[in-house]
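Student: The following block contains the structure, expressed as structure tokens.
The values are calculated or read from the model by the stated rules, or taken from the named source; none is laboratory data. Please read all numbers here as calculations on a predicted model, not as lab measurements. Virtual Cβ from ideal backbone geometry, glycine too; neighbours counted across all protein chains shown. All accessible areas refer to the heavy atoms of the entire protein, side chains included, with ligands and DNA or RNA removed. Shrake-Rupley method; radii C 1.70, N 1.55, O 1.52, S 1.80 Å.
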Amino acid sequence: MTHPFIATQKFSAVRSIAMASALCCAGLASAQTGPGVTLYGLADAGITSVSGLKAGTVTQVASGIMEGSRWGIKGTEDMGGGYKTIFTLESRVELDTGSVSSRPISGTQLSDRYSQAALLGLPTTLQPAVAAVDGLLAAQWGVNPTGNLFDRQAYVGVITPVGAIMAGRMYTPAFETNAMYDIMETQSGLSAGQVVAFPAALEIRKSNALQYRFVKDGISGSFMYALGEVAGDTGKGRMLGLNANYKTGNFSVGFGYNQANNELGQSSLTTSVLGASMNFGQDKLTGMVIKLTDDNPNGLSAIAPALTPVVGAAAAGLVQNAFLNAFKQDGTLSHIGYRHVTGPHAISVAYTAYKDNRPANADVTSYGVAYTYSLSKRTDLNAVVVQYDNKNLAQTAPGGNGYIGGVTASAGTGSTGLAFGIRHRF
């Protein structure tokens, strides 16, 4: 999600960090049918039903049940001597509407703790000012609300004998670690990151980024520096990220880290990810812990100037400070998952818990099962059932990889998500 006050991004899928490494470090192996350009993509759509919303149980056709639908072009050129050039341009597409963006199932509603003056610690006389801010936030809440064509990925790079160097819009290091140790690999409403979609627990992709990647003898890693490019000051809005992964036999362990600045250059969202996995033949077990903090939420300095002409400088300052406090983050996300594959069948179960250390105490747990039946190497059928238990001021509703569930009817209301879909890769 990106909006005038808060620069966040929603969760969208990569199959795993192995795929990310293939895309960026191994010269896009899937495209190696010869020098040139390859058209590729994924089409994923189905029916989803989500309970606990203000409108009751909402059933609709959705794009991105398991993975966000997309198309892209990618290419590589072997220059000899261990050097290759690579590029990727990847766009999302909503199969239900043909658009490149979507809105939450719950619509423009925000959680009570962001929309009620009393829960923000403000006098009720300032409710109209709160509603004005919420209107601006809600208008931009969704997947790629600005409609950027190549919102998913857009980069060019060079692979050398000692690693790859890329520039453009790419997945962040901490997100790639999250994708590897989430048993769902960020797919469906059962994935770990879905319970902390707003405010986002980590940056998914970053624009204006430079990245170095390497893979050698079971060790892989990356370092990213994204220039903020705010009013010509690269420190404002910039992000640093790194990850490292070690894989041997059937065991893997990895660490990822992102640290972003807000529009004022202050330290903002910081995310650390630690994960491990074990493979036992047809079975896989994963575990992951994510620590996130944000004492200076991004974009909120625009609130007071926008409200001052309407409510005066003093009241506008109070409202801005209230939203700054509400959007601060301090929490821990824990995830454990198990997958069994036999023939064309794959069954995954997962349990995720978010512990919120802020006064809102917005704890969320999710648990459920996902089933995939492979019709062929490129096409499969999927079914997912997931339960979200919201505590205290939490209001998260389950979505899918390509869309946001949004929020439940009121604080503490739980939600069940059912989804059935078909996915085809080309």
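Student: Looking for something touching a Lys or Arg at 6+ places or on another chain (Cβ under 6 Å) and open to solvent by less than 20 Å² (accessible area, probe 1.4 Å) - is there at least one such residue anywhere in region 342-360?
Tutor: Among the residues of region 342-360, at least one is touching a Lys or Arg at 6+ places or on another chain (Cβ under 6 Å) and open to solvent by less than 20 Å² (accessible area, probe 1.4 Å), which makes the answer yes.
Student: While we're here: Can you pull out every residue in region 215-227 that is assigned to a strand (DSSP E or B), over 23 Å from ALA260 (Cα atoms) and of a type outside the set (D, E, K, R)?
Tutor: Result: VAL215, ILE219.
Student: While we're on this one: Restricting to region 202-218, what's the tally of residues that are farther than 13 Å from THR160 by Cα, open to solvent by 80 Å² or more (accessible area, probe 1.4 Å) and among the hydrophobic types (A, V, I, L, M, F, W, C)?
Tutor: Of the residues in that region, 1 qualify.
Student: Mind counting the residues in region 136-183 that are assigned to a loop (DSSP other than H, G, I, E, B), under 23 Å from SER91 (Cβ atoms) and hydrophobic (A, V, I, L, M, F, W, C)?
Tutor: Number satisfying all stated conditions: 3.
Student: Next question, about the same structure. From (1) closer than 23 Å to ASN401 by Cβ; (2) open to solvent by less than 30 Å² (accessible area, probe 1.4 Å); (3) acidic (Asp, Glu), pick out the condition that doesn't hold for ASP96.
Tutor: (2)
Student: Are there any pairs with C-beta distances below 6 angstrom linking a residue in region 251-263 that is touching a residue at least 12 places away in the same chain (Cβ under 8 Å) to a residue that is of a type in the set (Phe, Trp, Tyr) and surrounded by fewer than 23 Cβ atoms within 10 Å (Cβ to Cβ), with the two at least 6 apart or on different chains, and if so which?
Tutor: VAL253/TYR246
Student: Step by step: first the residues of region 279-319, then only those that are of a type outside the set (A, V, I, L, M), touching a helix residue (DSSP H, G or I) at 6+ places or on another chain (Cβ under 7 Å) and in a helix (DSSP H, G or I), then the one that is farthest from ALA350 (Cα to Cα). Which residue is that?
Tutor: THR308
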